[in-house]
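Please read the structure below before turning to the comments.
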Amino acid sequence: MVLVEFLKRSLRAAVGPVLGFCVVGYFAYHSFEGERGIHAFLRLGEQVAIARAHLDDLRDERATLERRVALLRADSLDPDMLDEQARALLNFARPGEIVILEPPHRRR
């Protein structure tokens, strides 16, 4: 009988710490693995880095296109650029020239 009383008191005394440990474990797990946990934060950081690299590529491409367009403006017309664009659009070549066709550039 004394043993049963001892076990009951021990179990009652252990319930609080066990529940506390479970609650702390639950929150600790979800702070790492949860939807807004540390792992999700790191994945978002990687996605941001990829998006920034893609943005830099697009900015470079835009700058290149803007330079090419600037060469075709009426106030600063470049004869070589005009000749290149006219030949490309009209599919013309001078006699004796060698034409090398490239596949069209694919967009991402």
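The values are calculated or read from the model by the stated rules, or taken from the named source; none is laboratory data. From a predicted model like this one, the values you see are computed outputs, not experimental measurements. Reconstructed Cβ throughout: ideal geometry from the backbone, glycine too, with neighbour counts over all protein chains shown. Ligands, DNA and RNA are stripped out before the accessible areas are found, and what is left, the full protein with its side chains, is counted by its heavy atoms. Shrake-Rupley method; radii C 1.70, N 1.55, O 1.52, S 1.80 Å.
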(message) Compute for the chain: radius of gyration divided by Kirkwood radius, i.e. Rg/Rh, restricted to C-alpha atoms, rounded to two decimals.
(response) 1.62
(message) With viscosity set to 1.306 mPa s at 10 °C, what whole-number translational diffusion coefficient in µm²/s follows for the range 34-90 from Stokes-Einstein and a Kirkwood radius over Cα pairs?
(response) 109 µm²/s
(message) Angle check, please: helix 2-33 long axis (alpha carbons) against the longest principal axis of the chain (alpha carbons), in degrees 0 to 90, nearest 10.
(response) 10 degrees
(request) Express the carbon and sulfur contribution to the solvent-accessible surface of the chain as a percent, rounded to the nearest whole number, probe 1.4 angstrom. (result) 65 percent
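At 222 nm, what value in deg cm²/dmol follows for the chain if DSSP H runs of at least 4 each add -39500 (n - 2.57) and the sum is divided by all its residues, to the nearest 500? Present the calculation step by step, with values, prior to reporting the outcome.
Details: 3 runs with 78 residues, N = 108.
After summing the helix terms and dividing by the residues of the chain, the value is -25500 deg cm²/dmol.
Place a +1 charge on the Cβ of each Lys and Arg in the range 27-108 and a -1 charge on the Cβ of each Asp and Glu, then give the dipole magnitude about the Cα centre in debye, rounded to the nearest 20. Before the final figure, lay out each step's value.
Working: 13 positive and 15 negative charges, 51 e Å.
So the dipole magnitude of the range 27-108 works out to roughly 240 debye.
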(request) Just flag the GluC sites (Glu not before Pro) in the range 1-86 sitting in loop per DSSP whose Cβ has no more than 14 other Cβ atoms within 10 Å. (result) Glu35
(request) Starting at the first residue of the range 46-60, write each ³J(HN,Hα) from the Karplus equation 6.51 cos²θ - 1.76 cosθ + 1.60 with θ = phi - 60°, in whole Hz, x for Gly and Pro. (result) 5, 5, 5, 4, 5, 5, 5, 5, 5, 4, 4, 4, 5, 5, 4
